[in-house]
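Report on one structure; see the data block that follows.
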Amino acid sequence: MSTPKYPLLDPIRLGDIDLPNRIIMASMTRARTDNPDFIPNVLQAQYYAQRASAGLILTEGTWPNRDGVGFVNVPGLYTQAQADGWRRVTDAVHQAGGRIFVQLGHIGSSSHPDLLDGALPYAPSPVNPGLKAYTTAGFKDTVTPQAMDLSDIARTVDDYARAAHLAQSAGFDGVELHGISTYLIPTFLYEGLNQRTDDYGGTPDNRARFALEIIDALVNSWAPGRVGIKLSPGLTGVGKFIATAETLATFEHLIGQLSKRHLAYLQLMNPINDLTGTGVEILGQDVARHFRPLYSGTLIANGGYTFETGNALVRDGFADAVAFGAPFISNPDLVERYGNGLTISPSNRDTYYGGGAEGYVDYPSATELDGIR
Ligand SMILES: Cc1cc2nc3c(=O)[nH]c(=O)nc-3n(C[C@H](O)[C@H](O)[C@H](O)COP(=O)(O)O)c2cc1C
């Protein structure tokens, strides 16, 4: 058999579902949920349906419970009204021929009391992450969070399971666990932020326990082939999120354990900065190369890829698919553009977050552009 020219255009079976191509739309918070109950709206249904030719759409990060909220105008999936709002989105995407997973993420100590009716955010330990939280009054410094006790941990795991149940009832094809950036899960993985001395801290397997308990709860709530996870092992130098050799050992342990669970996929996001001189320099810019030998299931690479570099990574066997973020903002028909060698339109960063239709659902497809010219 000859090697296909563009492996990203090949179909793939991802857990329990079939994808027509390996060009995945990465999760992107766009902050268009303009109501106090965190219910996705009609505009969001239109936005995702426009991007239905992606092999798989991953929604914006979505709150699995009320105390996981940490940003304005971002939707949740912990009430029936939210699930009903999401049903509009999944119906629109399916009618347009697409597939969609919801990304579930508790933000942890990156939130602020202003977003939590005055309550302190949750974290493994009372360590201020040293970040800025985006509140209704603009950016504010993060605070010292409250340490989760064992019942808080158990309740949070249950909340994820419940959100997965709601996702299923809302018509999603699966769920992705948000394990990147400065959210709650990474807070457990970095030893500078997790100072626990119980079963959830102190060693790589203890620090990975919370993430694995959530994964197992999602799997039990639905099925392994309906659950994916996104991690960013190259994240370092952001507030108190400083990665060391110990952090790397934690990620290696976690990914080894995930490999045993036959999930839909593991998605690995590349670092956002140069790792030279950091504790995780060994990861380089393509983290999938480091972790591929540890993970036997479907691996999705993400972060800074073009159609050419993404195809090369898959061809070289370091990933099975590639998730694209920013290119999907301004190219709703990204798959068609890549497949036909068409021009990729640049996106306007000023309209990434918040606002309405502008910079959200008004980017034309290449065919529409031709009509405009
Ligand atoms: C506007 C914007 C919002 C984002 N929001 C999320 C998010 O909610 N969840 C997430 O996992 N990643 C989020 N990301 C990161 C993207 O999913 C992706 O990992 C990143 O953009 C790198 O991929 P790219 O180089 O193809 O854009 C966001 C990125 C952008 C540009």
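Every number here is computed from the coordinates shown, using simple stated rules; none is lab data. All values reported here derive from a predicted model rather than from experimental measurement. Cβ: placed from backbone, ideal geometry, glycine included. Neighbour counts: every protein chain shown.
Summary table
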| item | result |
| --- | --- |
| Charge context of Asp117, other residues only, Cβ under 10 angstrom, K/R +1, D/E -1 | -1 |
| Cα pair distances exceeding 22 angstrom across segment 196-300, given as percent | 31 |
| Dimensions (Å) - segment 12-52, Cα atoms, principal axes, largest first | 39, 19, 15 |
| Residue-averaged 222 nm ellipticity for the chain, from DSSP H runs of 4+ at -39500 (n - 2.57), nearest 500 | -9500 deg cm²/dmol |
| Cα-Cα pairs of the chain separated by more than 37 Å (percent) | 14 |
| Kirkwood Rh and Cα Rg combined as Rg over Rh, evaluated for segment 1-132 | 1.07 |
| Potential lengthening between Asp350 and His165 on full extension [0.36 nm per residue; Cα-Cα distance subtracted] | 63.1 nm |
| Counted charge near Gly130, where neighbours are those whose Cβ lies closer than 15 Å (Asp, Glu -1; Lys, Arg +1) | +2 |
| Set of lysines with alpha-carbon distance to Lys230 below 19 Å, sequence-local pairs under 8 removed | Lys260 |
| Set of aspartates and glutamates near Lys132 by C-alpha distance (under 13 Å), chain-local residues within fewer than 8 positions excluded | Asp114, Asp141 |
